[in-house]
Amino acid sequence: MKNFKRILSVVLCVCLLASTAVSFAGAEDAATGTTPTRLSVTVNGDTSASRGFCWYTAEEADTKIEIFGVPASEYTVEDVVCEEWEGNWMHKLVVTGLKAGIPYSFRVGDGTNWSDWGTFVTDNGDDKVSFINIADVQAGDYEGFMKGADTLAGAFRTLPGADFVSNCGDFTNDSTNEEWDAYDKAFGAMNSHYTLVPVSGNHDGLGVEYWFNNMFALDTTESVQVKDGVNYSFDYGNAHFAVLNTNDLLSVSLAQLKWLKNDMNSTDKDWKIVFFHKSPYSLGKDAKWPDALYLQESLVRTLDDCNVDFAFSGHDHQYIRTKPIAGNKLNEDGTTYVLSGTAGGKRYEIRPFLEGHFLKEDFVDKIVIQREGVGFESEDYIGGCFETVEINGDTLTLKTYIVADADGKITQVDEYVVTKELGENEITFTGDNTTSEAEYALGVIPSFLCLAAYAIANWLPRFFIMLPELLYSVIEYDVF
């Protein structure tokens with residue numbers, strides 16, 4: 001009987017995954033009462049044995065989960081939360097004790113009113129991992145969110161077996177109940193059928209405190225703070241991933257840089273990949289301000305020290321892939337930076353005045369313009385952008401696609417393959433990597449002073465030198 005239930009569970013998962021591959025978007029409007037909405041499944045701890053779950057109800061209710069075909073005695077439910085947030089009730093829990101490499105079906109609710117069945121698959125621990133990466137849906141209405149949902153649906157048609165989806169931030173524009181309900185209406189049918197790796201964008205954290213942490217069930221045990229985002233890490237396959245919060249003291253705090261260095265030095269996984277929102281290398285409208293450019297001074301140095309292979313970011317709503325960089329110079333052993341493009345409909349022009357001042361032209365290996373732009377010679381692909389990444393042992397393959405606004409046609413616009421020697425990363429840190437409130441508080445002023453010193457000594461002179469070209473761009477192209 002036990003084996004029959006497991007087989008039935010697998011069959012149901014496959015059927016659900018097959019059905020969602022046909023049509024993802026179009027969930028119901030925000031529910032009332034105790035019907036679950038805004039459901040997400042996130043990495044939380046050991047990806048082969050646990051997942052985090054978050055959802056909302058309009059009224060207070062019990063917080064429960066049911067896994068199809070698996071007795072409750074075979075897994076553990078931890079960190080159960082039910083709290084009022086901005087007029088609704090937030091529910092969180094973490095399931096541990098799952099088995100590796102198994103597709104699971106689940107539903108959440110209060111024991112009477114349940115969500116529809118969702119699915120996820122745990123990591124099987126081999127040296128293969130694949131994921132989809134998107135960024136910057138940043139919509140304010142249902143129509144805008146549907147552009148992003150169409151992009152993600154196209155990504156699943158392209159890589160239906162993806163282990164997880166990373167989203168490099170700016171889920172909504174203002175983090176209001178209305179926007180998150182519209183997001184759920186567009187993405188809801190998809191969101192219960194994959195594991196999400198969410199990254200806090202500036203629209204998710206700055207001025208909308210605690211929204212990001214209250215929308216996802218994440219492992220915050222090592223996060224230096226949770227007010228405007230969360231930093232966390234996890235293993236999947238033979239890769240180690242870290243997620244940063246670039247809202248932290250407007251850019252990145254010294255405490256978070258210390259955490260990142262310790263985190264990356266605590267793994268011997270073959271591949272090291274980092275996700276964050278603000279990009280140190282960009283030609284978009286936000287690339288002229290010191291908060292993002294400071295990352296060239298602070299974050300890049302840490303990534304160099306830790307032998308990070310890839311860094312995925314968002315913020316500037318355009319696709320750029322750099323050549324490998326270390327020490328702000330071309331270096332074949334350095335980090336490749338991917339500015340992820342936008343999955344949504346808000347797309348930025350190239351700012352040509354930035355080239356040579358804040359980004360050297362020879363750093364750029366590929367650029368894709370998602371709208372009519374100025375500056376670089378490039379084909380224009382009018383649509384939403386996503387990336388697929390597939391790691392197979394010693395080889396990582398990155399492919400980038402555009403989902404056309406006009407007809408939904410999916411066009412591959414970039415491919416990049418990297419092969420590396422395995423077994424070279426060593427564990428050099430084994431200590432406690434948590435940050436106390438006192439330690440974080442003591443680092444606030446030094447962190448701001450480092451950002452201010454960079455702005456005055458490095459950014460400001462370069463900005464003034466660039467200013468004539470910026471003014472010409474405003475006059476000639478109406479682009480600032």
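None of the figures in this text is laboratory data; all of them are computed from the coordinates on show. If you're wondering where the values come from, they're calculated on a predicted model, not measured in any experiment. Glycine gets a Cβ as well: all are built from the backbone with ideal geometry, and neighbour counts include every protein chain shown.
When the alpha carbon gyration tensor of the stretch 31-128 is reduced to an equivalent ellipsoid, the three semi-axes, largest first, read 25, 13, 11 Å. Diagonalising the gyration tensor over the Cα atoms of the stretch 83-135 and scaling each eigenvalue by 5 before taking the square root yields semi-axes of 28, 17, 11 Å, largest first. Structural descriptor for the chain: relative contact order 14 percent, calculated from alpha carbon pairs under 8 angstrom and at least 6 residues apart. With 0.36 nm allotted per residue and the present C-alpha distance subtracted, the residue 85-residue 73 stretch has 1.2 nm of extension available. Across the stretch 206-307, Cα-Cα pairs more than 16 Å apart make up 57 percent of the total. Taking packing as the residue-averaged number of other Cβ atoms within 10 angstrom, the listed peptides 400-409, 64-73, 185-194, 271-280 run from highest to lowest as 271-280, 185-194, 400-409, 64-73. Bridging of residue 346 to lysines at a Cα separation below 21 Å is possible for 147, 185, 278, 285, 288, 366, 409, once same-chain residues fewer than 8 apart are set aside. Only helical runs count toward this figure. For the chain, summing -39,500 (n - 2.57) over DSSP H runs of n ≥ 4 and dividing by all residues gives -8000 deg cm²/dmol at 222 nm. Taking 37 °C and 0.692 mPa s as conditions, the stretch 368-480 diffuses translationally at an estimated 165 µm²/s according to Stokes-Einstein applied to its Kirkwood radius (Cα pairs). Between residue 113 and residue 397, residue separation times 0.36 nm minus the direct Cα-Cα distance comes to 98.0 nm.
Extension gain, residue 456-residue 417: 0.36 nm per intervening residue step, less the Cα-Cα distance, totals 10.1 nm. For the stretch 98-216, the equivalent ellipsoid derived from the alpha-carbon gyration tensor has semi-axes of 25, 18, 15 Å in decreasing order. Excluding same-chain residues fewer than 8 positions from residue 227, which aspartates and glutamates have a Cα within less than 12 Å of its Cα? Leaving aside aspartates and glutamates fewer than 8 places away in the same chain, those within reach of residue 227 are 204, 209, 248. Once both labels are positioned 7 Å from their Cα atoms along Cα-to-Cβ, the gap between residue 305 and residue 142 label points is 5.0 nm. List the residues of the stretch 88-108 whose backbone N lies under 16 Å from a point placed 7 Å from the Cα of residue 66 along the Cα-to-Cβ direction. So the set is 105-108. With no solvent and one equal point scatterer per Cα, compute the Debye intensity ratio I(q)/I(0) for the stretch 254-364 at 0.21, 0.23 Å⁻¹ and report its log10, rounded to two decimals. Taken in order of the listed q values, log10 I(q)/I(0) reads -1.15, -1.33.
Cα convex hull, the stretch 128-419: 114 Å³ per residue, rounded to a whole number. One equal scatterer on each Cα of the stretch 257-319, no solvent, Debye formula: the resulting log10 I(q)/I(0) at q = 0.13, 0.28, 0.30 Å⁻¹ is -0.36, -1.22, -1.32. Rounded to the nearest 20 debye, the dipole magnitude of the stretch 128-419 is 260 debye, with +1 charges on Lys and Arg beta carbons, -1 on Asp and Glu beta carbons, and the Cα centre as origin. Taking the Cβ of residue 222 as the centre, find all other residues whose Cβ is under 12 Å away and add up their charges (Lys, Arg: +1; Asp, Glu: -1). Neighbour charge sum, excluding residue 222 itself: -2.
Listed by chain and number, the aspartates and glutamates whose alpha-carbon sits under 19 Å from that of residue 329, ignoring those within fewer than 8 places in the same chain, are 297, 304, 305, 309, 355, 361, 362, 365.
Each pair of Cα atoms in the stretch 126-281 enters the Kirkwood radius, and Stokes-Einstein at 25 °C and 0.890 mPa s then converts it into a translational diffusion coefficient of 153 µm²/s. What the Cβ-Cβ distance of residue 480 and residue 124 gives, at R0 = 35 Å and to the nearest 0.05, is a FRET efficiency of 0.10.
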